[in-house]
Every structure is written in structure tokens, then in C-alpha cells.
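Structure record follows, encoded as C-alpha cells.
The values are calculated or read from the model by the stated rules, or taken from the named source; none is laboratory data. Just so it is clear, the model here is predicted, and its values are computed rather than measured. Neighbour counts are summed over all protein chains in view; Cβ atoms, including those assigned to glycine, are modelled from backbone coordinates with ideal geometry. All accessible areas refer to the heavy atoms of the entire protein, side chains included, with ligands and DNA or RNA removed. Shrake-Rupley method; radii C 1.70, N 1.55, O 1.52, S 1.80 Å.
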Amino acid sequence: MKTLIKNIDVFTMDAEKRRFQDGAILYDGDTIEFVGSYSELVNSNKVDLEKVKLIDGKGMLALPGFINAHTHIAMTAFRGYADNMPLWEWLTEKIWPMEDKLEPEDAYWLTLLGAAEMISAGVTTFSDMYMFTREIAKAASDSGMRAVISRGLTGPDDQMQQRLRDVEELAEWKGDAEGRITMMIGPHSVYTCTPEFLKTCRQLAEKYEAGIHIHLAETSKEVSDCIDEYGSTPVEHIYKLGLLELPVTAAHCVHLTEDDMDLMAKYN
């Protein structure tokens, strides 16, 4: 049986930003058949009101699901564990040692917890950079959410090859869960990846027809260190390495120059 939600305030978020205060949403199973004004639906003769399940949406708002554009979803467990610290000390003294204790099964259940929290807030899609990508993909599939998953990459170091194998495994999930699982390549940052390794990440993105997900200009220290080492801001640095020619999700971007902004705008 089809379901009709009527008397609902609908924000479409389409190109015209249309709004229907006398809105109606008609759906059949997992397929939305109509979004618009209730009067338009009734006058169109597209629905027999005697043969649908009616839901009164009075006082409610409907809009497309939110997207959480940057997560480390299994870190839900670490919330409040270490606060008010500079990023590098927070990572090296608290978070990375704690992450060493995580097991794959932990990541699965913590991803489900994070998914439940996001769904309760109207988030239907998340873009994640972390480890345990197989477990995160499975949990995303089981939750019903859409997920854009990237394996966090650093290098070169003695763990680099294992991380690259994880990317190969992640590629096997691409398109799974009725197409809800997609992937990106996730170089962690300009300070944990050498220029040559960032080029390797670009090659991987081209190989798997995926974008790049990277932390960028997150702290003033990151920017000053990058300028000292490479003579460029982090944004200029990845531009010179060709990464901006691909789709890029740049997380944080707290410390951008005007030139950085112009460069990012040029490459959309």
C-alpha cells in the first residue's frame, strides 16, 4: 500500500529552493512518487485517497537528509576522553595510543552507535576517514545509511603496505548496499604524507575513479610547518602535486589565506 504524508511543510532544497507549506509526499515502499503541494496532487488524479495510508504531517517539516561531510565514526568512543589540548599532542599522546587498542569488532559496533546518533539528527549520509573500513562499510550497510568511506593513509612507513591493501579491500565494497557504499582515497594530511606518497594517493584515486578526502589547514602549526618545509601553504602544496584536479573533500580548512580560497574556488 502506498503512503501519503499530507499537511506537511516541505523544503525541497532543489535548484529553485521550492517550498510547499501545504505539502504532500507520496511514496510506495522505498520509492518517492510525488513531492509537491497537496492540492496539486489531488487535482492531478495521480492517487486514489481511498487506497493509501494517510499520515498527517501538520506541524512537521520535511527536507532531504543532512550530510556529515567529515567523520571518524568509530571515534564516537573517544568523545570527551581528551579535551582542550593542541592537536598534535592530542593525537600523539591520547588518541593514537587509544586507537591502537581498538579491535575490528569494536569499530563495527561504534559505527552503528555513530550511525544511530546521526539518523536521530536527520543525517542520512556520512563521509568517513578511518581504519577498519570493512567493518565500517558493513555497519553502514546494516544501518541503512549512505557512506563515502576512505581508509586513512599515512606514509611512507612500515605500515603503509597494509593500509594500501585495506584500500584494495575497500574497493570491493564500492557500490554495495544497493549502491549506498562509495569510496574516496584518504591521505591523512600534508604533515603525515610525503609529497611522493600524496602523488601515490592521487594515482589511487584515478585508479578507483574516486575523489580525495584530506585534512587541510587544520591548525596554524600545520600551515607554518608546510611553508617552512615546502615553501607553500597546505592548499598550494596539494595544488602543485595535482590533487586539486580531482574531486577533493578538504576537512577543516581553519587557516586559509585569501589565495588559498581563490585556488579552491577555481577548482570547485
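Out of T192, T182, report the one residue that is of a type in the set (V, I, T), under 22 Å from H255 (Cα atoms) and touching a residue at least 12 places away in the same chain (Cβ under 8 Å).
Working: T182 fails: under 22 Å from H255 (Cα atoms).
After ruling out the rest, the residue left standing is T192.
Of the residues T233, T219, only one is out of contact with any Gly (no Cβ under 8 Å at 6 or more places or on another chain) and crowded, with 20+ Cβ neighbours inside 10 Å; which?
T233
Find all pairs meeting these conditions: Cβ atoms under 9 angstrom apart; at least six residues apart or on different chains; first residue within the range 62-87 and touching a residue at least 12 places away in the same chain (Cβ under 8 Å) and more than 24 Å from W109 (Cα to Cα); second residue of a type outside the set (S, T, N, Q) and open to solvent by less than 20 Å² (accessible area, probe 1.4 Å).
Between residues of the range 62-87 that are touching a residue at least 12 places away in the same chain (Cβ under 8 Å) and more than 24 Å from W109 (Cα to Cα) and residues that are of a type outside the set (S, T, N, Q) and open to solvent by less than 20 Å² (accessible area, probe 1.4 Å), the close pairs are A62/I8; A62/V10; A62/G23; L63/V10; L87/E222.
Check whether at least one residue in the range 163-183 is of a type outside the set (S, T, N, Q), in a strand (DSSP E or B) and within 26 Å of A115 (Cβ to Cβ), and report yes or no.
Keep residues of the range 163-183 that are of a type outside the set (S, T, N, Q), which gives 163-181, 183.
Retained after the next criterion (residues that are in a strand (DSSP E or B)): 181, 183.
Okay, now just the ones that are also within 26 Å of A115 (Cβ to Cβ), so 181, 183.
The answer is yes; a qualifying residue exists.
Can you tell me which of D30, D56, D48 is charged (D, E, K, R), surrounded by fewer than 16 Cβ atoms within 10 Å (Cβ to Cβ) and modelled with pLDDT of 95 or more?
Just one listed residue meets the conditions, D56.
Check whether at least one residue in the range 30-38 is out of contact with any strand residue (DSSP E or B) (no Cβ under 9 Å at 6 or more places or on another chain), part of a loop (DSSP other than H, G, I, E, B), under 23 Å from A140 (Cα atoms) and of a type in the set (D, E), and report yes or no.
For the range 30-38, residues out of contact with any strand residue (DSSP E or B) (no Cβ under 9 Å at 6 or more places or on another chain), part of a loop (DSSP other than H, G, I, E, B), under 23 Å from A140 (Cα atoms) and of a type in the set (D, E): present.
Give the range 117-159 a look and list any residue that's touching a helix residue (DSSP H, G or I) at 6+ places or on another chain (Cβ under 9 Å), open to solvent by less than 60 Å² (accessible area, probe 1.4 Å) and aliphatic (A, V, I, L, M), or say none.
Answer for the range 117-159, where residues must be touching a helix residue (DSSP H, G or I) at 6+ places or on another chain (Cβ under 9 Å), open to solvent by less than 60 Å² (accessible area, probe 1.4 Å) and aliphatic (A, V, I, L, M): M118, V123, M131, I136, A137, A139, A140, M145, A147, I149, L153.
Check off (1) in contact with a Pro (Cβ under 7 Å, 6 or more places away or on another chain); (2) assigned to a helix (DSSP H, G or I) for I214 and give me the number that stays unchecked.
With respect to (1) in contact with a Pro (Cβ under 7 Å, 6 or more places away or on another chain); (2) assigned to a helix (DSSP H, G or I), I214 is out only on (2).
Looking at this structure, is D225 within 28 Å of W90 (Cα to Cα) and touching a Phe, Trp or Tyr at 6+ places or on another chain (Cβ under 7 Å)?
yes
Pairs under 7 Å by beta carbon, first residue under 16 Å from H72 (Cβ atoms) in the range 135-146, partner open to solvent by 10 Å² or more (accessible area, probe 1.4 Å) and assigned to a strand (DSSP E or B), six or more apart or different chains?
As it stands, the answer is I136/Y130; M145/T124; M145/T125, since those pairs meet every condition given.
I'd like the residue in the range 1-27 that is farther than 17 Å from M60 by Cβ and assigned to a loop (DSSP other than H, G, I, E, B) and, out of all such residues, is most open to solvent (accessible area, probe 1.4 Å).
Looking only at the range 1-27, we keep the residues that are farther than 17 Å from M60 by Cβ, and these are 1-2, 14-18.
Then drop every residue that is not assigned to a loop (DSSP other than H, G, I, E, B), which leaves 1, 14-18.
Numbers: M1: 167, D14: 35, A15: 94, E16: 131, K17: 131, R18: 112 Å².
Across the range 1-27, the extreme among qualifying residues is M1.
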